[in-house]
Amino acid sequence: MTDPAPSPARHLRELPYDGESPAVESPAVFRCTERDGVVEVTGPCPRCAGRSRTVPEPLPPGTGTKGLRDLLLPRRENSAAALTDERLLARDYECACGHPHEGSGGTLGPVGCGAIWYISHLVRE
Ligand SMILES: [Zn+2]
Ligand SMILES: [Zn+2]
């Protein structure tokens, strides 16, 4: 099966880890999927071009900005319905391409190149 939207560049596995750079805007289209109640956002890392997969953490109860909607929803803050586009577009993403880039220093957190970005294009599948 081929990926209908391949990354423009190959995965730059030789890039060293860099956790210092400020967040950048990714021009790529990211995908939001929900499988077995787990929401994932996937897309190419703007730095290393690896395919990064993020599972947004559940929102703490009562942190919503649109009060009424949050009150009406049961405590399934990590469902695709609760994770509105607004929320997914407002947060930062950290590279989780799965490749232990040089200097990433172990197993804390997702394995990736350390890049942080935000997204402005999201499709739901
Ligand atoms: Zn990366
Ligand atoms: Zn990578």
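The values are calculated or read from the model by the stated rules, or taken from the named source; none is laboratory data. All values derive from a computational prediction rather than experimental measurement. As a convention, Cβ positions derive from the backbone with ideal geometry for all residues, glycine included, and neighbour counts pool all protein chains shown. For accessibility, only protein heavy atoms count, side chains too; no ligands or nucleic acids. Shrake-Rupley method; radii C 1.70, N 1.55, O 1.52, S 1.80 Å.
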>> Per 0.36 nm of contour for each residue apart, how much would the distance between Leu12 and His121 grow if the chain were fully extended, relative to their Cα-Cα spacing?
In response: 37.0 nm
> What does the accessible area of Leu15 come to, in Å² to the nearest 10, when a probe of 1.4 Å is used?
Replying inline: 50
> Put a dot 7 Å past each Cα toward the Cβ at Thr42 and Glu20; how far apart are the dots in nm?
Replying inline: 3.3
>> Net charge within 14 Å of Leu12 by Cβ-Cβ distance, Lys/Arg positive one each and Asp/Glu negative one each, not counting Leu12 itself?
In response: +1
